[in-house]
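Quick notes on the structure that follows.
Every read-out reported here was derived from the displayed coordinates using simple, explicitly stated rules and does not represent laboratory data. Small disclaimer: the values here were computed from a predicted structure and weren't measured. Here the Cβ positions follow ideal geometry from the backbone for every residue, glycine too, while neighbour counts run over all protein chains shown.
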Amino acid sequence: MEVKQVFIPDLLIVQPDVFTDPRGCFFETYNKQKFKQFGIESEFMQDNQSVSSKGTLRGLHFQNPPFQQGKLVRVIKGSALDIAVDIRKKSQYYGKYFSIILSEKNNKIFWIPPGFAHGFLSLENNTIFVYKCTQIYNKESEKSIRWDDPDLNINWEYKNPLVSERDKAADSFKQFNSMF
């Protein structure tokens, strides 16, 4: 297993060791002991899964304290452009984002700690996206930032994505007041 830090501190890309043979392949998607060595020491409270058609965009979502969530995300079928936006006020990267392609072919796992807004764009039909969360879902603490906010200037690499009404009505980055 290889773990890489990206330019925004605390975001991690995990590349598992994949063992293949004529039957197929096997790899660990989570190992508490190994992940702890890389600084992912959180207890996971909830697993989520979504299935999305090509061009579906979900996000940018987060939960405010005390229900803030860290997320360990990956794609088990298809592919997605995954985005994490730093919303930690004291971070030198506040308002900056990191993007990565997650797919069934590259098997990458992405660690997004609390203090980040998260979203993804499905690049294929029937993309299955899964995530382990460090906190249970709490409707009252759930918030969103507009996916197409001009101040964030995220390159989603897709025109006219399918977006929920809730995500269309999210606050702009300027309106947003971070609790992180």
Worksheet item: What aspartates and glutamates sit close enough to Lys54 to cross-link, taking a C-alpha to C-alpha distance under 16 Å and skipping anything fewer than 8 places away on the same chain?
Response: Asp82, Glu104, Glu124, Glu157
Item to complete: Only one of the values [x] 56, 49, 27; [y] 53, 35, 29; [z] 83, 36, 22 was calculated from this structure for Cα extents along the principal axes in Å; name its label.
Response: [y]
Worksheet entry | Per-residue ³J(HN,Hα) for the stretch 127-134, Karplus 6.51 cos²θ - 1.76 cosθ + 1.60, θ = phi - 60°, Hz, x for Gly and Pro | 6, 9, 10, 10, 8, 9, 10, 7
Worksheet item: Sequence-distant or interchain residues sharing an amide H contact under 5 Å with Thr56, placed H: which?
Response: Ser122, Leu162
Discussion item. Using a Gaussian network model on the chain with a 10 Å cutoff between Cα atoms, which of Asp47, Asp86, Asp151 fluctuates the most?
Written reply: Asp151
Worksheet item: Hey, got a sec? Which trypsin sites (Lys or Arg not before Pro) in the stretch 70-157 land in a DSSP loop and have at most 12 other Cβ atoms within 10 Å?
Response: Lys89, Lys90, Lys105
Worksheet item: Short version: ³J(HN,Hα) in whole Hz for each residue of the stretch 46-54, in order, from phi by Karplus 6.51 cos²θ - 1.76 cosθ + 1.60 (θ = phi - 60°), x for Gly and Pro, what are they?
Response: 7, 10, 10, 9, 10, 10, 10, 7, 4
Response to the item:
Karplus ³J(HN,Hα) for the stretch 12-21 (6.51 cos²θ - 1.76 cosθ + 1.60, θ = phi - 60°; Hz, whole; x = Gly/Pro) runs 10, 10, 10, 10, x, 6, 9, 9, 10, 7
Worksheet item: Among the aspartates and glutamates, which have Cα under 17 Å from the Cα of Lys34 when same-chain residues fewer than 8 positions away are ignored?
Response: Glu2, Asp10, Asp17, Glu43
Worksheet item: Which whole-number percent is the relative contact order of the stretch 2-168 (Cα, under 8 Å, 6+ apart)?
Response: 32
Discussion item. Exceeding 29 Å between C-alpha atoms, which entries from my cross-link table qualify? They are Lys71/Lys96; Lys77/Lys168; Lys36/Lys168; Lys32/Lys168.
Written reply: Lys36/Lys168; Lys32/Lys168
Response to the item:
With the dipole of the stretch 43-180 defined by +1 on each Lys or Arg Cβ and -1 on each Asp or Glu Cβ, the option from Ile100, Ser144, Gly119 whose Cα lies farthest towards the positive pole is Ile100
Fill in: trypsin sites (Lys or Arg not before Pro) restricted to DSSP loop in the stretch 1-59 with at most 11 other C-beta within 10 Å
Arg23
Item to complete: Pull up all non-local amide H partners of Asp171: gap of 5 or more, or a different chain, and H-to-H distance under 5 Å with H placed in the peptide plane.
Response: Ser144, Arg146
Fill in: Most mobile listed residue (Asn160, Asn107, Asn64) in the chain, GNM with C-alpha springs under 10 Å
Asn160
Fill in: Among Ala169, Ala117, Ala80: highest mean-square fluctuation, GNM of the chain, C-alpha pairs under 10 Å
Ala169
Item to complete: Would you compute, from DSSP H runs of 4+ residues alone, the mean residue ellipticity of the chain at 222 nm, taking -39500 (n - 2.57) per run and dividing by the full residue count, rounded to the nearest 500?
Response: -1000 deg cm²/dmol
